[in-house]
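These notes concern the structure reproduced below.
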Amino acid sequence: MLDMIHLISDDELRLTLRRLCDKIVPGGKLILRTTVPSRKPVPWLRRVEEWRIKALHLTRIFDSSEEVTALLSEAGFMVELKEPTALGREETWFICRRPGLEHH
């Protein structure tokens, strides 16, 4: 899932994540990238995305890292890794696993 969860409501995201967790085999991974707003001044990439969302008459929903982690956990995923795509970037990778099979 790349750069799209901010375009749907938390209820839509909960439903999507639950369905994905049900479909992914035990031990399977979900890789998600999303913008996690920082407390720094708004970067130009987020300004461009906010402009695009406004032009499409959509509602912008950027969740915090804690909110994304909670939504993933609520759906049944274990978050194994959470880190920015690069130093100073808001785009963040969440690598998750559906519990079930132990990996070696």
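Coordinate-derived values only; no laboratory data. Please read these numbers as outputs of a predicted model, since none were measured by experiment. Note that each Cβ is placed from the backbone with ideal geometry, even for glycine, and that neighbours are counted across all protein chains shown.
What the table shows:
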| quantity | calculated |
| --- | --- |
| Cα-based helix-to-principal-axis angle, 65-75 vs the chain, degrees rounded to 10 | 40 |
| Cross-link partners of residue 29 among aspartates and glutamates (Cα-Cα below 18 Å; sequence separation of 8 or more within a chain) | 3, 74, 80, 83, 102 |
| Counting DSSP beta bridges with both ends in the chain, the antiparallel % (nearest 5) | 95 |
| Charge tally in the Cβ shell below 14 Å around residue 20, where Lys, Arg are +1 and Asp, Glu are -1, residue 20 excluded | +4 |
| Trypsin sites (Lys or Arg not before Pro) lying in DSSP loop within region 38-104, provided at most 14 other Cβ fall within 10 Å | 39, 60, 89 |
| Between 0 and 90°, nearest 10: helix 44-55 axis offset from the chain longest Cα axis | 90 |
